[in-house]
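S.K.: Quick one: structure below, then a few questions.
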Amino acid sequence: MKKFILVGACLLLMSGLGFAAGTNDDGKAQVFEVSVNTTKDEQNKLYETVFQRFVDEYNKKYNTGYSLRFVSGQGMDIINTRMSSKDKPDIFTIDSPADANQFAKDGLLLDMTDYAVKNKWKESVFDWAYSLAQVNGRVVALPYGYEGMVLWYNKDIMKELGLNPADITNLEAYENAMKKAADAGYIPVMLGSQDWPWAQEWYLSILYSYTGRNLVKNTIEGKPGFTWNSAPFRKTVELYKSWHDRGYLADKRSYVLTSDDAINAFVGGKALFKLEGTWAPYWMMPLDAAERDKIGVMLHPAINSTERPHLPLAVGGMWCVSATTAHKDLAAYILTGLLGQDIQADFLNNGMDVAPIKVEKSSFNGLIPTVQVMWNMVNGALADGSFGYTTWAFYPPETRVYLYEGIVNVLENKLGIDQYLTQMDVLNKKELAQGFIPVIPASK
């Protein structure tokens, strides 16, 4: 659930259209539309170049005459509107497997199972990601990108406070580090969600996963005897609120500050830690070398003796094909092309999602050193199964929304912790009864 730089509240950018020669029998050009949610110019240019390449290859191989219409800046609000109208894109991106689950339930997604089998997606896509592609055993989307939650830190402040990040692995050490930062006049942890409410769930993804991965899995799946309003989850929410009350979280302003406020404060040397995911390189790349060199990365420390530090995992988004598309074969060709090794390095260098495949090590060459360290952490977690569960990848959609909206009311003392967790449980059970099917891979 990454944060892109937005231009305007509801940005809709139409990039240049690439046209390939050829028409239908009636003389009209065959237009194929790809809609994405990205808003950064550099990323849109790369996406458009890649998709134009796939369309050109397809035209040459099959003697067709498709032209590409590439549309960017279309977030979930716009896609929800378009998918309920006749103006549907052929391929589009949505935020999470939970969204894909709902779209598939509503009959809006093309069943890609035969194409996935024919093109051997399962042989290259990570098992956990391939499982997220399916609803009722049918492939309905291509999960894209793998991302997770980490903790960025200021190396200079860490050194000034006499701290070693390698030693900050448990709750006692972490709270000691936050207290030292606060006592020295620094903000312990920066987080801003005023313009990006989903940022609250970044931290909750870590804390709930760290409460107990099996506990989270069984609770989401509705196993008997498991409930959100249980002692372990209450203890976790109490801990989060205590950090807020002590000013450790953005000086009690995590839901008042914007995401850019949080980034600027961290880059400006006002905070020890910055809570954000593996997509953070998008705002690091424009920094000068001296600013980038001050940034380190680590896994969040454990908060109990149940779980060790691990990487709460997600996919960056889901590539979907409209059920009504008249161009199924081209859509499948493009999605399969996105799994190619040859484009992953370009995506990495632009701070974009890469395919959920084992990306060749050479693709990571030339990245910012701290970003290389981060990817080693991510790939290591995938290799040994040391991953957890982000809210946007694995939770039922209504439960997930309430999770991050309700927590602000808890922090503001407008809602009790028991009420908050009870409502999460009510929503989770309701969504299961309505047909939501959790797909949660086992971790180690």
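The values are calculated or read from the model by the stated rules, or taken from the named source; none is laboratory data. Since we're looking at a predicted model, the values are computed, not measured. Quick reminder, even Gly has a Cβ in these numbers, built from the backbone with ideal geometry, and neighbours come from all protein chains shown.
S.K.: Tell me whether the range 387-401 contains one or more residues that are modelled with pLDDT of 90 or more and among the aliphatic types (A, V, I, L, M).
M.R.: yes
S.K.: Filter the range 271-294 down to the residues that are touching a helix residue (DSSP H, G or I) at 6+ places or on another chain (Cβ under 9 Å) and either β-branched (Val, Ile, Thr) or farther than 28 Å from Trp392 by Cβ (or both) and list them by number.
M.R.: Filtering the range 271-294 for residues touching a helix residue (DSSP H, G or I) at 6+ places or on another chain (Cβ under 9 Å) gives 271-278, 280-285, 287, 291-294.
Of everything in the range 271-294, those that are touching a helix residue (DSSP H, G or I) at 6+ places or on another chain (Cβ under 9 Å) and either β-branched (Val, Ile, Thr) or farther than 28 Å from Trp392 by Cβ (or both) turn out to be Thr278, Glu291, Asp293, Lys294.
S.K.: Quick one: count up the residues across the range 195-213 that are farther than 13 Å from Arg308 by Cα and either without any contact (Cβ under 8 Å) to a residue 12 or more places away in the chain or assigned to a loop (DSSP other than H, G, I, E, B) (or both).
M.R.: Going through the range 195-213 one residue at a time, the tally reaches 4.
S.K.: Which of the following residues is in the same structural domain as Trp152 (by TED's automatic domain parsing), in contact with a Gly (Cβ under 7 Å, 6 or more places away or on another chain) and within 28 Å of Arg246 (Cα to Cα): Leu415, Leu403, Leu421?
M.R.: Details: Leu403 fails: in contact with a Gly (Cβ under 7 Å, 6 or more places away or on another chain); Leu421 fails: in contact with a Gly (Cβ under 7 Å, 6 or more places away or on another chain).
The unique qualifying residue is Leu415.
S.K.: Name the residues in the range 137-167 that are crowded, with 24+ Cβ neighbours inside 10 Å and in a loop (DSSP other than H, G, I, E, B), would you?
M.R.: Correct list: Val140, Ala141.
S.K.: Another question, then. With the requirement that a residue be within 29 Å of Glu221 (Cβ to Cβ) and surrounded by fewer than 23 Cβ atoms within 10 Å (Cβ to Cβ), what does the range 80-93 give you?
M.R.: Residues satisfying the conditions are Asn80, Met83.
S.K.: With the structure loaded, tell me whether Arg53 is out of contact with any strand residue (DSSP E or B) (no Cβ under 9 Å at 6 or more places or on another chain), of a type in the set (Lys, Arg) and surrounded by fewer than 22 Cβ atoms within 10 Å (Cβ to Cβ) or whether it fails that test.
M.R.: Values: out of contact with any strand residue (DSSP E or B) (no Cβ under 9 Å at 6 or more places or on another chain): yes; of a type in the set (Lys, Arg): yes; surrounded by fewer than 22 Cβ atoms within 10 Å (Cβ to Cβ): yes.
When the stated conditions are applied, Arg53 passes them.
S.K.: Further, regarding this structure: Hand me the list of helices (runs of 4 or more DSSP H) wholly inside the range 254-294 holding 1 or more residues that are free of Cβ contacts under 8 Å to residues at least 12 places away in the same chain. I'd like the intermediate steps shown before the answer.
M.R.: On the way: elements: 259-267, 281-284, 289-293.
Counting at least 1 such residues, we get 259-267, 289-293.
S.K.: Scan Ser193, Ser230, Ser209 and give me the residue that is in the same structural domain as Asp425 (by TED's automatic domain parsing), modelled with pLDDT under 95 and under 27 Å from Thr422 (Cβ atoms). Before you say what the answer is, go through the steps one by one.
M.R.: Details: Ser230 fails: modelled with pLDDT under 95; Ser209 fails: modelled with pLDDT under 95.
Checking each option against the conditions leaves just Ser193.
S.K.: Can I ask one more? Please verify whether the range 181-194 includes one or more residues that are β-branched (Val, Ile, Thr), more than 25 Å from Ser96 (Cβ to Cβ) and assigned to a strand (DSSP E or B). Give the steps one after another, and end with the answer.
M.R.: So the first thing to find is which residues in the range 181-194 are β-branched (Val, Ile, Thr), and the list is 187, 189.
Imposing the further condition that a residue be more than 25 Å from Ser96 (Cβ to Cβ) reduces the set to 187.
Going one step further and asking which of them are assigned to a strand (DSSP E or B), we end up with 187.
Yes, the range 181-194 has at least one match.
S.K.: Of everything in the range 369-404 that's out of contact with any Pro (no Cβ under 6 Å at 6 or more places or on another chain) and of a type in the set (S, T, N, Q), which residue is farthest from Gly145 (Cα to Cα)?
M.R.: Thr399
S.K.: Is the range 117-128 home to any residue that is touching a Phe, Trp or Tyr at 6+ places or on another chain (Cβ under 9 Å), closer than 26 Å to Leu432 by Cβ and part of a helix (DSSP H, G or I)?
M.R.: Checked against the condition, which is being touching a Phe, Trp or Tyr at 6+ places or on another chain (Cβ under 9 Å), closer than 26 Å to Leu432 by Cβ and part of a helix (DSSP H, G or I), the range 117-128 yields at least one hit.
S.K.: Show the residue pairs meeting these rules: Cβ distance below 8 Å; 6+ apart or different chains; first residue within the range 83-111 and part of a helix (DSSP H, G or I); second residue at pLDDT 95 or above and of a type in the set (S, T, N, Q).
M.R.: Met83/Ser322
S.K.: Next question, about the same structure. Could you please find all residues in the range 58-76 being of a type in the set (A, V, I, L, M) and outside any strand (DSSP E or B)?
M.R.: Our first condition is that a residue be of a type in the set (A, V, I, L, M); within the range 58-76, this holds for 68, 71, 76.
Of everything in the range 58-76, just one residue is of a type in the set (A, V, I, L, M) and outside any strand (DSSP E or B), namely Met76.
S.K.: Identify all residues within the range 212-250 that are buried (at least 19 other Cβ atoms within 10 Å of the Cβ) and either among the aromatic types (Phe, Trp, Tyr) or in contact with a strand residue (DSSP E or B) (Cβ under 6 Å, 6 or more places away or on another chain) (or both); write none if there are none.
M.R.: If the condition is that a residue be buried (at least 19 other Cβ atoms within 10 Å of the Cβ) and either among the aromatic types (Phe, Trp, Tyr) or in contact with a strand residue (DSSP E or B) (Cβ under 6 Å, 6 or more places away or on another chain) (or both), then Arg213, Val216, Trp228, Phe233, Tyr240, Trp243, Tyr248, Leu249, Ala250 are the ones that fit.
S.K.: Among Gly388, Gly351, which is at positive phi, touching a helix residue (DSSP H, G or I) at 6+ places or on another chain (Cβ under 6 Å) and not hydrophobic (A, V, I, L, M, F, W, C)?
M.R.: So the residue among Gly388, Gly351 that is at positive phi, touching a helix residue (DSSP H, G or I) at 6+ places or on another chain (Cβ under 6 Å) and not hydrophobic (A, V, I, L, M, F, W, C) is Gly351.
S.K.: At least 1 residues that are surrounded by fewer than 20 Cβ atoms within 10 Å (Cβ to Cβ) and in contact (Cβ under 8 Å) with a residue 60 or more places away in the chain in each: list the helices (runs of 4 or more DSSP H) lying fully within the range 372-444 that qualify.
M.R.: Values: elements: 391-394, 397-411, 417-433.
Counting at least 1 such residues, we get 397-411, 417-433.
S.K.: Could you check the range 224-277 and list, in sequence order, the residues that are polar (S, T, N, Q) and touching a Phe, Trp or Tyr at 6+ places or on another chain (Cβ under 7 Å)? Give the derivation first.
M.R.: Within the range 224-277, the subset polar (S, T, N, Q) is 227, 229-230, 236, 242, 254, 258-259, 264.
Scanning the range 224-277 gives Thr236, Ser259.
S.K.: How many residues does the range 108-134 contain that are among the β-branched types (Val, Ile, Thr) and surrounded by fewer than 21 Cβ atoms within 10 Å (Cβ to Cβ)?
M.R.: First, pick out the residues of the range 108-134 that are among the β-branched types (Val, Ile, Thr): 113, 117, 125.
Subset that is surrounded by fewer than 21 Cβ atoms within 10 Å (Cβ to Cβ): 113, 117.
Qualifying residue count, the range 108-134: 2.
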